[in-house]
1. Just to be sure, is residue B:60 assigned to a strand (DSSP E or B), within 12 Å of chain A (Cβ to nearest Cβ) and in contact with a strand residue (DSSP E or B) (Cβ under 8 Å, 6 or more places away or on another chain)?
2. For the range A:142-161, state whether one or more residues are more than 13 Å from chain B (Cβ to nearest Cβ), touching a residue at least 60 places away in the same chain (Cβ under 8 Å), touching a helix residue (DSSP H, G or I) at 6+ places or on another chain (Cβ under 7 Å) and more than 25 Å from residue B:152 (Cβ to Cβ).
3. So for the range B:33-54 (the condition being outside any strand (DSSP E or B), within 13 Å of chain A (Cβ to nearest Cβ) and crowded, with 19+ Cβ neighbours inside 10 Å), does at least one residue qualify?
4. So, in the range B:63-81, of the ones that are buried (at least 17 other Cβ atoms within 10 Å of the Cβ) and over 17 Å from residue B:145 (Cβ atoms), which residue ends up farthest from the other protein chains (Cβ to nearest Cβ)?
5. Name the one entry in A:200, A:166, A:239 that is under 29 Å from residue A:98 (Cα atoms), surrounded by fewer than 23 Cβ atoms within 10 Å (Cβ to Cβ) and either within 14 Å of another protein chain (Cβ to nearest Cβ) or at pLDDT below 90 (or both).
6. Among the residues of the range A:208-231, what is the count of those that are surrounded by fewer than 20 Cβ atoms within 10 Å (Cβ to Cβ), within 14 Å of another protein chain (Cβ to nearest Cβ) and within 20 Å of residue A:132 (Cβ to Cβ)?
7. Mind checking which residues of the range B:68-93 are modelled with pLDDT of 90 or more and at positive phi?
8. Look at residue B:119 and say whether it is surrounded by fewer than 16 Cβ atoms within 10 Å (Cβ to Cβ), more than 9 Å from chain A (Cβ to nearest Cβ) and touching a helix residue (DSSP H, G or I) at 6+ places or on another chain (Cβ under 7 Å).
């Protein structure tokens, strides 16, 4: 079944979407969109360093993304610049550093476009194993972390006063994000990872009444976007990564449509929203 | 389970000469404060006097830069912070809010919501609540945990005047029922008077402390809040000195329940009186 490149792409993409959904919800709830973007951009620096030191690509990206988030936390606490400015500096300087380093390494040919925008159609069986293995691990840790992380998201002080250790929860969440970015890079590319985090979660908001249902709905929305995007990319010969993002965007726009979904009674009485 | 008898009086938090130093100045310094089981301690003071800082030190959100803070081992805290905003993107019902920091069975959730007077809002999303309703939801959440120490930072923000009195009434009832200790911050002494055992008046340090009646009369308090403070208080005292019970009777500050509503009208006649001492005498 996995012999066909398109099937492999579908399986990989759906697996990724399932993992990304709950993480993306936290990114949206905690208003970390730009933070996620910064971590994703630092992945290119990770790619360059991995080639330079000849280490495993996924491991290199994970370490650099995690370091970027730690650096950010440190600067936030001890610096005088606003978080906004810090994010702007880190985000683009890590990306630029990565690009410059790649340019210096003339002895190897690196397909930059594949890293920046993903190349889901070339995923191997090993990649799929990585997505499902790593993804399952990420989800397990997130499930274990759920209550303290959610408590810290609602209110850091309540969480801390009532013994939830929010700082630890936040740090572990950063590691999960870094892991997810390392896994997702090949599928949608560095530039588009954040969109896969945020758009399905945002689309899921209207259909959810608890944080837990929103996480599940975000996973489903992501999976639908992957299926729709990949099929469209096959049909119209468009790049696969961006096609998935466009499909997610369409889902999000549909979720804004003024139709009542949770109140069938209201529908009967004249389609009240 | 907490019992109001037996363990009463055991210190839950003990602060000795505690202070917090930030960017070149002391936010608060030299605080001695003890909250015991079954005791309601109220912190009052002007803006920037270190009330929130003191409370945060007491429950370990801030570490003291000098002095010591001792908490009873495995102290279970229920905390209602000054301001909580929940992002719209987070779907959170009042019911779900209850189990934010720990699992609870449905019965306890329902009881806490009932006690806070918002049982009808169990399924409402927190973003749709009014300021007062949300405060009650946060209070219910802290209560449902059955904490040893209930900590409330200005719990009446966004609550109208009658709601304010009802909320303090509720806090006092909770203390009576569960025997927990209560540490609360209030910006106005007059409303909390009936519901508090000890008042600590802060202004960067502890300027006076004691029973509400004593603090009211202390020169430090008058200096801090101005000479007119006593006067205003005299007016407000009548609002909280007694409680109107459902059957029309009146419960007085000392706990006596009287049938005579006359007493209450009499009090209101004196609103605007420029003789606070007279009001005090009268209130007794």
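1. Working: assigned to a strand (DSSP E or B): no; within 12 Å of chain A (Cβ to nearest Cβ): yes; in contact with a strand residue (DSSP E or B) (Cβ under 8 Å, 6 or more places away or on another chain): yes.
Answer is no for this residue.
2. Of the residues in the range A:142-161, the ones more than 13 Å from chain B (Cβ to nearest Cβ) are A:142-145.
If we keep only those that are touching a residue at least 60 places away in the same chain (Cβ under 8 Å) too, we end up with A:142.
The next check asks that each one be touching a helix residue (DSSP H, G or I) at 6+ places or on another chain (Cβ under 7 Å); those that pass are A:142.
Subset that is more than 25 Å from residue B:152 (Cβ to Cβ): A:142.
The answer is yes; a qualifying residue exists.
3. Let us first name the residues in the range B:33-54 that are outside any strand (DSSP E or B), namely B:37-39, B:45-54.
Now narrow it down to the ones that are within 13 Å of chain A (Cβ to nearest Cβ): B:52-53.
From what's left, crowded, with 19+ Cβ neighbours inside 10 Å: B:52-53.
Checking the range B:33-54: at least one residue is outside any strand (DSSP E or B), within 13 Å of chain A (Cβ to nearest Cβ) and crowded, with 19+ Cβ neighbours inside 10 Å.
4. Restricting to residues being buried (at least 17 other Cβ atoms within 10 Å of the Cβ) and over 17 Å from residue B:145 (Cβ atoms), the top hit is B:64.
5. Values: A:200 fails: surrounded by fewer than 23 Cβ atoms within 10 Å (Cβ to Cβ); A:166 fails: under 29 Å from residue A:98 (Cα atoms).
Every option except A:239 fails the conditions.
6. Number of matching residues: 1.
7. Of everything in the range B:68-93, nothing turns out to be modelled with pLDDT of 90 or more and at positive phi.
8. Numbers: surrounded by fewer than 16 Cβ atoms within 10 Å (Cβ to Cβ): yes; more than 9 Å from chain A (Cβ to nearest Cβ): yes; touching a helix residue (DSSP H, G or I) at 6+ places or on another chain (Cβ under 7 Å): yes.
When the stated conditions are applied, residue B:119 passes them.
The values are calculated or read from the model by the stated rules, or taken from the named source; none is laboratory data. Since the model is a prediction, treat every value here as computed from it, not as a measurement. Cβ sites come from the backbone with ideal geometry, for glycine too, and all protein chains shown count toward neighbours.
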